[in-house]
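Comments concern the structure below.
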Amino acid sequence: MSDRHARGPFLTTMTLLFGLLAVSDATKALQHLRAPEVLGIVVFGVRLESVVANAAVGPLLGAVLAAYAWGLWGMRAWVIPLSFAYAFYVPTNLVLFWWRQTGPDVPPLGSIVVYLVFALGGAIGTALYLAYHRERLV
């Protein structure tokens, strides 16, 4: 890979993290079986509450994240629109989830802020990085 198309440490790290996230989403049904009250996929703020729903939606979202990781790994230009969509989806999903959570199980504000920094930094940071370095993509 020429220097122009080199991933660099940031994109390599994000590729691996998105790959891990893809595996995590694809196995949400198994996670839900282990602890249904706290584990399961969250889509637009709603935690899916059945094994069947997690088994259907989890692999689909896992496949999207796997494609994202694959595109990052290969430095493909088609990954830019996917990165923008994901950068929009993550904050929307997080805000809707925390807005819907009214019970006593809401995490402390400090944990929410730390989670937001990493989630938004990864999703939005990757999209911005790709936008500013689009000439490096093939």
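State the answer as a single residue: which of 59, 114, 137 lies farthest towards the positive end of the charge dipole of region 47-138, with beta carbon charges of +1 for Lys and Arg and -1 for Asp and Glu, about the Cα centre.
It is 137, whose Cα lies furthest towards the positive end.
Please list, in order along region 29-36, the HN-Hα scalar couplings obtained from phi with the Karplus expression 6.51 cos²θ - 1.76 cosθ + 1.60 (θ = phi - 60°), rounded to whole Hz, x for Gly and Pro.
3J(HN,Hα) across region 29-36, in whole Hz: 4, 5, 5, 4, 4, 6, 8, x.
With every atom except the alpha carbons ignored, what do you get for Rg and Dmax of the chain, in angstroms?
Spelled out, the Cα radius of gyration and Dmax of the chain are 16.1, 53 Å.
Go through 99, 73 and list them by solvent-accessible area, largest first, probe radius 1.4 Å.
On the way: 99 190, 73 120 Å².
Ranked list, largest accessible area first: 99, 73.
The values are calculated or read from the model by the stated rules, or taken from the named source; none is laboratory data. In this text the structure is predicted, and so the values were computed from the model without any measurement. Note that each Cβ is placed from the backbone with ideal geometry, even for glycine, and that neighbours are counted across all protein chains shown. The protein model used for the area step is the full one, side chains on, heavy atoms only, and it has no ligands, DNA or RNA in it. Shrake-Rupley method; radii C 1.70, N 1.55, O 1.52, S 1.80 Å.
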